[in-house]
Amino acid sequence: MRLVLSVQNLCPHSDSDLMSEPFNPYAPPQANVIPASVAGSELPPASRWHRLLASFLDTILLMLAVLPLEWLAGSFGRMQNASLFNLESILWSAVSLGIWALINWAPLADGQTIGKRVLKIKVVRKDGSPCDRKHNILWRMLPIQVVVLVPVVGMLVALADCFSIFRSSRLTLHDDVAGTKVVDLRSQLIGA
């Protein structure tokens with residue numbers, strides 16, 4: 001009897017409710033549930049400045065990892081004397097993409113890089129569904145990395161990719177290729 005009284009005191013129902021309804025241990029919880037996240041389609045697009053700063057932070061982190069390796073390998077001297085298109089630059093581009101993926105492996109599970117996580121922005125597909133690691137690497141990063149290796153044309157595509165952010169949609173060329181967009185998570189944090 002003592003156990004029943006203590007359970008009744010913890011339950012938010014009145015005594016008459018407890019007597020009329022038998023206790024069901026399999027019933028779902030009776031609590032106000034706050035949704036875990038707002039769908040990506042409802043979030044506003046990330047600002048151009050936040051995207052630029054996130055990209056800058058990611059580039060700095062990548063340079064801190066790759067440049068010492070290039071220096072230790074002695075590639076700086078060889079690349080200064082090499083032609084515009086050489087095998088070593090292709091290899092270092094592949095190494096850079098691999099290191100970028102390793103550095104950002106954990107945040108990529110949520111559609112972010114370290115820079116994006118710091119600035120509270122996230123990559124989602126255009127329909128608002130999550131963008132996984134595989135899609136981020138194979139469709140957002142790899143196509144641009146490959147095109148940039150082509151002499152002259154690659155530089156023009158890289159510039160076009162950067163400047164396409166100033167379109168009204170705020171999407172870059174790599175967003176168009178991958179079918180993604182970058183959204184601002186700060187409104188989600190304010191509403192929670």
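The values are calculated or read from the model by the stated rules, or taken from the named source; none is laboratory data. From a predicted model like this one, the values you see are computed outputs, not experimental measurements. Note that we place each Cβ from the backbone using ideal geometry, even for glycine, and neighbour counts take in every protein chain shown.
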Checklist line | Sole residue being within 26 Å of Arg170 (Cβ to Cβ) and at pLDDT below 95, chosen from Leu97, Leu87, Leu57 | finding: Leu97
Next item on the list: Considering each residue of the stretch 40-58, count those that are touching a helix residue (DSSP H, G or I) at 6+ places or on another chain (Cβ under 8 Å) and of a type in the set (S, T, N, Q), and give that number.
Entry: 1
Notebook entry, point to check: Do we find that Leu142 is surrounded by 14 or more Cβ atoms within 10 Å (Cβ to Cβ) and either of a type in the set (Phe, Trp, Tyr) or at pLDDT 95 or above (or both) in this structure?
Noted result: no
Margin query: Under 6 Å between Cβ atoms, which residue pairs at least 6 apart in sequence (or on different chains) link something in the stretch 106-130 that is free of Cβ contacts under 8 Å to residues at least 24 places away in the same chain and closer than 18 Å to Thr172 by Cα with a partner that is acidic (Asp, Glu) and crowded, with 22+ Cβ neighbours inside 10 Å?
Written below: none
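For every residue, the table says whether it meets (1) modelled with pLDDT under 95; (2) out of contact with any Gly (no Cβ under 8 Å at 6 or more places or on another chain); (3) over 17 Å from Gly179 (Cα atoms); (4) surrounded by 17 or more Cβ atoms within 10 Å (Cβ to Cβ).
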{"site": "Leu72", "(1), (2), (3), (4)": "yes, yes, yes, no"}
{"site": "Ala82", "(1), (2), (3), (4)": "yes, yes, yes, no"}
{"site": "Leu102", "(1), (2), (3), (4)": "no, yes, yes, no"}
{"site": "Arg125", "(1), (2), (3), (4)": "no, no, no, yes"}
{"site": "Ser129", "(1), (2), (3), (4)": "yes, no, no, no"}
{"site": "Val150", "(1), (2), (3), (4)": "yes, yes, yes, no"}
{"site": "Asp161", "(1), (2), (3), (4)": "yes, yes, no, yes"}
{"site": "Arg167", "(1), (2), (3), (4)": "yes, yes, no, no"}
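Among the aliphatic types (A, V, I, L, M), exposed (fewer than 14 other Cβ atoms within 10 Å of the Cβ) and in a helix (DSSP H, G or I): does that describe Leu97?
Spelling it out, it is not the case that Leu97 is among the aliphatic types (A, V, I, L, M), exposed (fewer than 14 other Cβ atoms within 10 Å of the Cβ) and in a helix (DSSP H, G or I).
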Next item on the list: Take the residues in the stretch 169-188 that are of a type in the set (A, V, I, L, M) and touching a Lys or Arg at 6+ places or on another chain (Cβ under 7 Å), then tell me which one is surrounded by the most Cβ atoms within 10 Å (Cβ to Cβ).
Entry: Val182
Notebook entry, point to check: Of the residues that sit in the stretch 153-171 and are β-branched (Val, Ile, Thr) and in contact (Cβ under 8 Å) with a residue 12 or more places away in the chain, which one is farthest from Ser55 (Cα to Cα)?
Noted result: Val157
